[in-house]
Every structure is written in C-alpha cells, then in structure tokens.
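The values are calculated or read from the model by the stated rules, or taken from the named source; none is laboratory data. The structure presented is a predicted model; accordingly, all values stated were derived computationally and were not measured. Every residue, glycine among them, receives a Cβ derived from its backbone with ideal geometry; neighbour counts consider all protein chains shown.
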Amino acid sequence: ALVKKRIGENPVLLLDDVLSELDANRQRYLLESISRIQTLLTGTGIEEFVENRFPIHRLFYVEAGKVTRQK
C-alpha cells in the first residue's frame, strides 16, 4: 500500500525461497496475505504447494538452465 501510494502503481512482490523457512500455518497465512498482490515466488519443493491446491496461476520449472512452463 505504501509503494502504491508513493508512486501510484502496484508493486510486484518478489519472494525468494521464503516458504521453506515457514511452517504450514505460516505459509498459509503468508499466501493468504499476498493473494491480491502480484507475486513472484521462487523456491524448491513446490510440488507440496501444487498438491495442496494453493492458488498458483503460472508455474515454471528451471532445470539445467532451461525454463519450461507447466501446462
């Protein structure tokens, strides 16, 4: 809200492997808190989030330097 107020545009939130540092309750709280914010999450072990049906709109994998989008 502060960035939007200051520059007049919605920011993009970048979170690098933050979910691996949180327990399941805190993960859910964080994801619910940012659900209306454009966010880019990076991390390993994303399968758990896909299996638990967290709202992921686009999912990309990077392997051996190649980026692929999950369909």
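Brief remarks on what is shown
- Selection of segment 1-42 for residues being part of a loop (DSSP other than H, G, I, E, B), loosely packed, with under 10 Cβ neighbours inside 10 Å and not small (Gly, Ala, Ser) yields Glu9, Asp23, Arg36.
- Any hit, segment 44-58, residues being surrounded by 10 or more Cβ atoms within 10 Å (Cβ to Cβ), under 13 Å from the mean Cα position of the chain (by Cα) and at pLDDT 85 or above: no
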